[in-house]
Amino acid sequence: MLPNASPDVRQRVVKNPIISVDGLGKNFRVYASPRELLVEVLTGRQRHRDFTALNGVSFDVGPGEVVGLMGRNGAGKSTLLRIIAGTLDATAGSVVVRGRISAILELGSGFHPEYSGRDNIYLGGLCLGLTRAEIARRFDEIVAFSELEAFIDRPFRTYSSGMQARLTFSVATCVDPDVLIVDEALSVGDARFQLKSFERIRDFKRRGKSILLVSHSINQVVSICDRAILLEQGKVVADGEPNKIGQIYHQRLFGPPAREATSSSAGIAVPETSDRHHAYGDGRAVINDVFIEGPDGSRTTSIVPGETYRIVIDIEAKEALPSVCVGFLVRSSWGIDLYGTDTRFVPCPGLPQTMAPGERLRVTIETPFNLAPNTYFLTAGVANLDETKYQMRFDCLEFQVRQDRTTMFMSSLVDIRPSMAACVVQERERA
Amino acid sequence: MTSILTPLKIFDASANVAAAREFVTILYRYQDLAWEMTRRDVRDRYKGQALGSLWAIGHPLLLMAVYVFAFAFLFRGRLSPEGEWSEYAVYVLAGLAPWIALQEALGRAPTAVLGNANLVKQIIFPSEILPLKVALGATPTLIVGLCVTVALAVATGVGIGVGLLLLPIVVASQTLALVGLVYVLAGIGVFLRDIKDIVSVLLSIGLFLHPILYAPGTAPAALEAAFYASPFSYLIWCYRDALLYGEITRPEAWILAPVLSTAIFVIGYRCFRMLRPMFGNAL
């Protein structure tokens, strides 16, 4: 991990990189009609417009690194993956990949819809450079991993999208590549298969392979990647710790780009209790304070589950607000969303419809915090009902959940407070 | 920007040898894939049709029957005034059988890569295999045609001789030429979809611009001269020597056919290789 997790477009230094991308640029030539292409080839005179998909993209990926690519649709993620995979040429810069690449660039791609799953495993494996004998040796393992034993002789087109994803992933990973490239394919399988895929990805990582994946799910990137790269309009805008990059991505998705300058500096009066704190918004309203009140009414960041606590969010309108929506989110130290809601979903008596400039509002949320002992982060936000954020303060409050004695596994995230019972079953007498 | 065709120096011997070696390397590495795809290509072409793979034999058979009937019986073509119809039929078939195979491969060539956009675009796929399978996919047609020719020659007493031993050389030459031509057309077809229609028209005309249907000396002088411009004419003359005359009647054809075919193959492959990095942009 980086000691300083601040997002940075400076290139990270990676030792013995498996993938080196250097100054990569990609222009697509756009022709008004196919005739223009013919004219250009024959006369040598330029007849196209250039569309820049990637511009000066540089990064290295080391062995055992799992890197998530984030960015909006059209940011250049897929173009970048295709160039690294070698199915598209670059206009500028270079890509060096040391080792065998396997890629899942689109669901079921390269698979013939009319052929059976069995035939497709063979064809897919041959495309990846295996021989028939090698595929035959791995065939059972591929089928077992995809859990498609019962369907393997049916045509591929009859598979559900989840089943197609399972077969694609199984084939792509069976070749034991040095670099695995996955474009959104993991989001289709069911939860059980996703877990299995993540396990396989972790296994790859342990064996020093590099994985590059595209996902729109910030949670997914945060939970399986060591590092995230945010692309915007063909450029790397941030490269670093996934949680941080995820926040920036979230901000870019929902924050107003024109008034971005007001983010972070918008009148934050409270001392930041968490160094992961990160704020953005258009600043029409600001969150002046966020704290947790214990059962005795005093501020605390140390929670004993079972007692009743109150989260307090103090808001001040800087301009006239057409509508008000207040929400909060509890995240684990990994950055996984554990719980979040806002006043659209939970009734909040006393919440005004609109607010005048200078008006202040205090929102209190009562909760017993049924969480496992660990460190958590609280995110608070105030927004317009049209989803534009007045202010979002990510991970603005760090708090600990304590427990004196161990009542659950250390890996638990929540405390569901079970009660257990047992009774010994008498063995029936044999006749 | 200069025309994209300039970097291809066709007489650069070392580049040609390097390209050929690269092709052999790829073929060796993906031999299983090439074989599997060719096999499926032939098998699946008539999939879903009632008579299935029978069409692989039936289609060339019917075409040849129509041409032989039209030219040997309706137009009463003969090799010499007192010649047998069967002699003329074998003469025509020796040129027609390879032509039908060529027609089949070249007709499908422009879409060889274009029609498999999902393979080329979405996975790490050796796109060299796609034109190859189209070219090799015409081999069954060629074999059927040659078998029919030989069968007719034997059945009607025209006879077949030691010339048959030369046949492998001609078949190998034709296959090389086909592979090269399919590579060029498949590469261009990705960018210029019109090439499909251009090829289809040229193939229709081509039948009459080659020494296929004309008995010796019956073609107009201008056309006779034009025959020499096409590499495929030399191949046809070689086929005739092997299947009908049983001796080398045109030594120049036996030299030029393999040489030109090899040249077409290497240059065709190099054209394809040059265009290949740009496929991703057009598909």
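Residues considered: A:Asp153, A:Asp190. Of these, the only one that is within 21 Å of A:Ala103 (Cα to Cα) and not β-branched (Val, Ile, Thr) is A:Asp190.
Restricting attention to segment B:37-54, does a residue exist that is within 25 Å of B:Ala263 (Cβ to Cβ), surrounded by fewer than 12 Cβ atoms within 10 Å (Cβ to Cβ) and within 14 Å of another protein chain (Cβ to nearest Cβ)? The answer is no; no qualifying residue exists. Residues in segment A:191-239 that are polar (S, T, N, Q) and in contact (Cβ under 8 Å) with a residue 24 or more places away in the chain: A:Ser197, A:Ser210, A:Ser215, A:Ser217, A:Asn219, A:Gln220, A:Ser223, A:Gln233. The set of residues from segment B:174-197 being closer than 27 Å to B:Val66 by Cβ and either touching an Asp or Glu at 6+ places or on another chain (Cβ under 8 Å) or surrounded by 14 or more Cβ atoms within 10 Å (Cβ to Cβ) (or both) comprises B:Gln174, B:Thr175, B:Ala177, B:Leu178, B:Leu181, B:Val182, B:Leu185, B:Lys196. Tell me whether segment A:2-17 contains one or more residues that are of a type outside the set (S, T, N, Q), outside any loop (DSSP other than H, G, I, E, B) and at pLDDT 80 or above. Checked against the condition, which is being of a type outside the set (S, T, N, Q), outside any loop (DSSP other than H, G, I, E, B) and at pLDDT 80 or above, segment A:2-17 yields no hits at all. Taking segment B:92-179 as the region of interest, the helices (runs of 4 or more DSSP H) fully inside it that hold 3 or more residues being within 14 Å of chain A (Cβ to nearest Cβ) and closer than 30 Å to A:Thr168 by Cβ are B:117-122, B:129-136.
Of the set (1) of a type in the set (Phe, Trp, Tyr); (2) part of a helix (DSSP H, G or I); (3) open to solvent by 90 Å² or more (accessible area, probe 1.4 Å), all apply to B:Phe23 but (3). For segment A:413-431, what are the residues that are at pLDDT 85 or above and of a type in the set (A, V, I, L, M, F, W, C)? Correct list: A:Val414, A:Ile416, A:Met420, A:Ala421, A:Ala422, A:Cys423, A:Val424, A:Val425.
This table checks each residue for (1) part of a loop (DSSP other than H, G, I, E, B); (2) within 11 Å of another protein chain (Cβ to nearest Cβ); (3) without any contact (Cβ under 8 Å) to a residue 24 or more places away in the chain.
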residue	(1), (2), (3)
A:Arg72	yes, no, no
A:Ala75	yes, no, no
A:Ser94	no, no, no
A:Gly99	yes, no, no
A:Ala103	no, yes, no
A:Phe145	no, no, no
A:Gly162	no, no, no
A:Phe169	no, no, no
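Residues in segment A:112-132 that are within 8 Å of chain B (Cβ to nearest Cβ) and of a type in the set (Val, Ile, Thr): A:Thr131 alone. Apart from one condition, A:Ala32 fits all of (1) more than 16 Å from A:Val175 (Cβ to Cβ); (2) open to solvent by less than 40 Å² (accessible area, probe 1.4 Å); the exception is (2).
Taken together, the residues in segment A:307-365 that are more than 26 Å from A:Arg417 (Cβ to Cβ), touching a residue at least 40 places away in the same chain (Cβ under 8 Å) and charged (D, E, K, R) amount to 7.
Table: residues versus (1) modelled with pLDDT under 85; (2) assigned to a helix (DSSP H, G or I); (3) touching a Pro at 6+ places or on another chain (Cβ under 8 Å).
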position	(1), (2), (3)
A:Val221	yes, yes, yes
A:Ile229	no, no, no
A:Asn243	yes, yes, no
A:His250	yes, yes, no
A:Glu260	yes, yes, no
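How about segment B:243-252: which of its residues are part of a helix (DSSP H, G or I), surrounded by fewer than 21 Cβ atoms within 10 Å (Cβ to Cβ) and touching a helix residue (DSSP H, G or I) at 6+ places or on another chain (Cβ under 9 Å)? B:Tyr245, B:Glu252, listed by residue number. Residues that are open to solvent by less than 20 Å² (accessible area, probe 1.4 Å) and facing chain A (nearest Cβ under 8 Å) within segment B:26-36 comprise B:Leu33, B:Glu36, listed in sequence order.
Restricted to segment B:129-164, and to residues there that are out of contact with any helix residue (DSSP H, G or I) (no Cβ under 8 Å at 6 or more places or on another chain) and in contact (Cβ under 8 Å) with a residue 40 or more places away in the chain, the residue that is least open to solvent (accessible area, probe 1.4 Å) is B:Gly161.
The residues of segment B:261-275 that are surrounded by fewer than 21 Cβ atoms within 10 Å (Cβ to Cβ) and within 24 Å of B:Gly145 (Cα to Cα) amount to a single one, B:Thr262. Taking the criterion of being outside any loop (DSSP other than H, G, I, E, B) and either open to solvent by 10 Å² or more (accessible area, probe 1.4 Å) or within 30 Å of A:Ser223 (Cα to Cα) (or both), the residues of segment A:317-326 that qualify are A:Cys325, A:Val326. In this structure, is B:Leu213 closer than 15 Å to B:Pro98 by Cβ and in a helix (DSSP H, G or I)? When the stated conditions are applied, B:Leu213 does not pass them.
The residue of segment A:153-186 that is surrounded by the most Cβ atoms within 10 Å (Cβ to Cβ), among those that are out of contact with any Leu (no Cβ under 9 Å at 6 or more places or on another chain) and under 28 Å from B:Gln31 (Cβ atoms), is A:Asp178. Residues that are buried (at least 16 other Cβ atoms within 10 Å of the Cβ) and modelled with pLDDT of 90 or more are absent from segment A:38-50 altogether. Could you tell me whether segment A:124-144 includes any residue that is at pLDDT below 85, surrounded by 14 or more Cβ atoms within 10 Å (Cβ to Cβ) and among the aromatic types (Phe, Trp, Tyr)? There is no residue in segment A:124-144 that is at pLDDT below 85, surrounded by 14 or more Cβ atoms within 10 Å (Cβ to Cβ) and among the aromatic types (Phe, Trp, Tyr). When the strands (runs of 3 or more DSSP E) confined to segment A:327-431 are screened for residues that are open to solvent by 30 Å² or more (accessible area, probe 1.4 Å) and not acidic (Asp, Glu), those reaching at least 2 such residues are found at A:337-342, A:360-367, A:374-383. Annotation: B:Arg193 fulfils all but one of (1) in a helix (DSSP H, G or I); (2) of a type outside the set (Phe, Trp, Tyr); (3) within 14 Å of chain A (Cβ to nearest Cβ); the unmet one is (1). Would you check which residues across segment B:68-91 are closer than 16 Å to B:Thr218 by Cβ, open to solvent by 40 Å² or more (accessible area, probe 1.4 Å) and in a helix (DSSP H, G or I) and list them? Of everything in segment B:68-91, those that are closer than 16 Å to B:Thr218 by Cβ, open to solvent by 40 Å² or more (accessible area, probe 1.4 Å) and in a helix (DSSP H, G or I) turn out to be B:Phe71, B:Leu74, B:Trp85, B:Glu87. For segment A:317-337, filtering for residues that are at pLDDT below 90 and not β-branched (Val, Ile, Thr) leaves 6.
The values are calculated or read from the model by the stated rules, or taken from the named source; none is laboratory data. Bear in mind that the values here come from a model prediction, so they are computed numbers and not experimental data. In this analysis, Cβ positions are derived from the backbone assuming ideal geometry, glycine residues included, and neighbour counts consider all displayed protein chains. Protein only, heavy atoms only, side chains kept; ligands, DNA and RNA dropped before computing areas. Shrake-Rupley method; radii C 1.70, N 1.55, O 1.52, S 1.80 Å.
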